Amino acid sequence: MTGPITERVIEIPWSLMQLPQSGVILDVGSCDATYLRIIQQPSRILHCLDPRDCHADIPEGATFYHQNILGNTLPRAYYDAVLMLSTLEHIGLPCYGHKPFANGDMLALAEARALLKPGCPLIATVPAGQSKLVSWYRQYNPNALHQLFRGWQAEISYWGFDGRGYQPIPEADVERYDYRDYPVVGAGSGALACVVARPER
């Protein structure tokens, strides 16, 4: 592998393994995503959502919604999985040209719940470590994640960067890690939380 190692080496293959083999999949934050063509298979229908206009990069046959996750016009209780890779931590913050608003991550989860069929999963990844909020992302410690996913049946696994790559780490070690921010070469999550969550009834 060439180039700096980021959390993409874990979150993309991990998330693809969590997807159902068939059904309608919604990817949230699809612009710049490199995995969309892998999602799209004969047995799976891909819908993509992003407030940025990247329709030219969406795979042929997929449906693109040029909208925000909040206030969208997508069908309710329709999706067999909702995918949010490195997306939830940005929603509501002043990045990607958007005006900030409070509790963007909580509001986005509520919207994902409304879009999912009963019992179907939200698959998400976020930066983990000591909880903090900076201008363009949130970093979550385990307690903050458990609070964020109250009302969901959530399975959370963690990966930490050891200087060479990402390795599985126990929850107790998560707060030892911090985001490798720019201008650090290979900037990215010091630790990564991978979440599969289903709304509790």
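Readers should treat all values here as calculations from the given coordinates under stated rules, not as data from a laboratory. Note that this is a predicted model, so its numbers are computed, not measured. Here Cβ is always computed from backbone atoms with ideal geometry, including for glycine, and neighbour counts include all displayed protein chains.
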Residue-normalised 222 nm signal for the chain, counting each DSSP H run of n ≥ 4 as -39,500 (n - 2.57), nearest 500 deg cm²/dmol, is -4500 deg cm²/dmol
Tilt, helix 104-115 to longest principal axis of the chain (alpha-carbon atoms), in degrees rounded to tens, equals 30 degrees
Distribution output for the chain: share of Cα-Cα pairs per 10 Å bin in percent, first bin at 0, values 9, 36, 39, 16, 1
Computed for the chain: size of charge dipole around the Cα centre, +1 on C-beta of each Lys and Arg, -1 on C-beta of each Asp and Glu, debye to nearest 20, value 360 debye
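Would you list W136, W159, W152 from fewest to most Cβ contacts within 10 Å?
W136, W152, W159
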Taking the chain and a Cβ-Cβ threshold of 4.7 Å, the cysteines left without a partner are C48, C95, C120, C194
Expected sort for T34, T63 with the fewest Cβ neighbours (10 Å cutoff) up front is T34, T63
Ranking Q41, A81, Y177 by how far each Cα lies towards the positive end of the charge dipole of the chain (+1 on Lys and Arg Cβ, -1 on Asp and Glu Cβ), the top one is A81
